[in-house]
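Notes follow once the structure below has been shown.
The values are calculated or read from the model by the stated rules, or taken from the named source; none is laboratory data. Not measured: the values here are computed from a predicted model. Don't worry about glycine lacking a Cβ; one is built from the backbone with ideal geometry, like all the others, and counts go over all protein chains shown.
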Amino acid sequence: MSDYQAMQAELTGAIAAATDLDALEALRVAALGKAGSVTGLLKTLGSLTPEERQTVGPQIHALREGVTAALAERKAALEGAALEVKLAGERLDMTLPAAAAPRGSVHPVSQVMDELAEIFADMGFAVATGPEIEDDWHNFTALNIPETHPARAMHDTFYFPESSESAAQRMLLRTHTSPVQIRTMMSEGPPIRIIAPGRVYRSDSDATHTPMFHQVEGLVIDRGIHMGHLKWTLETFLKAYFETDDIVLRLRPSYFPFTEPSAEVDVGYKHEKGRRIVGGHGDDAGHSWMELLGSGMVNRRVIANCGLDPDVWQGFAFGVGVDRLAMLKYGMDDLRAFFDGDLRWLAHYGFGALSVPTLSGGISA
Ligand code: DAH
């Protein structure tokens, strides 16, 4: 056996005995690295005579190839073994029974918002959002509620401390979802069909008011829109939401600065076992009217404030309390419980995480 063969046998023996990738890498560096033993031999080739090189050269090259091949083989084996260990650790027995039922549930407010998105998507409405920390201009001024307007006082606004900015830039917690109308008109441009569900804030608290609550805004802007479109849309929405065709609306003249004309929308209902059941004509025996939402044709000034020509574009808008919609449909009577985070309440009124509302499968899942 030549010296080179002896060296190869020694090196491949060590390589085969390497127990991990680090040890193998150390052997590679010791043999084939810049200062490695095999590299050192290769470097001597240059100083040999042509005759010597003819006999020694092939032997050194064979040594290098042999060591290289042994390294590659051992590396593949070690990596394969490491993968086996990892896979064994990740083994999942698919025949085991499913884990205990998932904890937690979908909050009724989230459920209702999902239901609204589903119902309105079917009518071609997209879901729009806006910031909860709003500026004065979007929350009030652009909606035709100038600084001296009495409607401002009615909103019990949470203002941020005054800063050096102008009054229009003063920040506040939005008091309604209506500023999303402004943002959508300005950023999207007509035609528009959106609903904007989200949190709103007012400094108010009792059994039917919480400082944070939820509204959904609706906005349609297009050519030739009139109140007939508004009424049909609300009727279609409420029938789908309450899952009954027996919904009678009463549109009552009202006033909102951002709509003209404005209408408050009442629905007929009756009391049954202490619960309000929506449905029927409010003037029928045993029935009454309940105010449900505000609506109207978008005020020309609001359309103009958003840079659109009110002679070309018209639209309707509406706003309704999501929490109230939830209470009416699912029979809760104290709004404050919505935000207490009491697990017993959530277990009772919550919805399964995997039961998504669909029009075809049943809207309340
Ligand atoms: N923004 C109103 C509020 O919070 C609700 C509302 C009424 C919204 C009429 C509308 C509307 O879009 O047309 O009390």
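Annotations
- Selection status of N299, near the ligand (Cβ under 10 Å from one of its atoms), within 19 Å of T184 (Cα to Cα) and crowded, with 16+ Cβ neighbours inside 10 Å: yes
- Restricting segment 225-278 to residues that are in a loop (DSSP other than H, G, I, E, B) and buried (at least 17 other Cβ atoms within 10 Å of the Cβ), the residue that is farthest from the chain's Cα centre (by Cα): V248
- Where helices (runs of 4 or more DSSP H) fall wholly inside segment 93-199, the ranges with 3 or more residues that are exposed (fewer than 14 other Cβ atoms within 10 Å of the Cβ) and without any contact (Cβ under 8 Å) to a residue 24 or more places away in the chain are 150-154.
- The set of residues from segment 279-310 being in a strand (DSSP E or B) and at positive phi comprises G280, G296.
- From the options G294, G307, residue that is in contact (Cβ under 8 Å) with a residue 40 or more places away in the chain, over 26 Å from the mean Cα position of the chain (by Cα) and either surrounded by 17 or more Cβ atoms within 10 Å (Cβ to Cβ) or not assigned by TED's automatic domain parsing to the domain that holds L238 (or both): G294
- Among residues of segment 328-342, those that are within 17 Å of S105 (Cα to Cα) and modelled with pLDDT of 90 or more, counted: 6
- Every residue from segment 62-92 that is closer than 19 Å to Y4 by Cα and without any contact (Cβ under 8 Å) to a residue 12 or more places away in the chain: E65, A69
- Applying a threshold of 7 Å to beta carbon distances and a minimum spacing of six or more residues, or different chains, the list of pairs starting in segment 332-360 at a residue that is within 22 Å of S205 (Cα to Cα) and ending at one that is modelled with pLDDT under 90 and exposed (fewer than 13 other Cβ atoms within 10 Å of the Cβ) reads D334/A207; L335/A207; R336/A207.
- Subset of segment 203-224 that is among the β-branched types (V, I, T) and assigned to a loop (DSSP other than H, G, I, E, B) - its residue that is surrounded by the most Cβ atoms within 10 Å (Cβ to Cβ): T210
- Scanning segment 177-191 for residues that are more than 20 Å from R300 (Cα to Cα), more than 13 Å from the ligand (Cβ to nearest atom), in contact with a strand residue (DSSP E or B) (Cβ under 6 Å, 6 or more places away or on another chain) and at pLDDT 85 or above turns up nothing.
- Among the criteria (1) away from the ligand (no atom under 12 Å from the Cβ); (2) in contact (Cβ under 8 Å) with a residue 24 or more places away in the chain; (3) acidic (D, E), the one E217 does not fulfil is (1).
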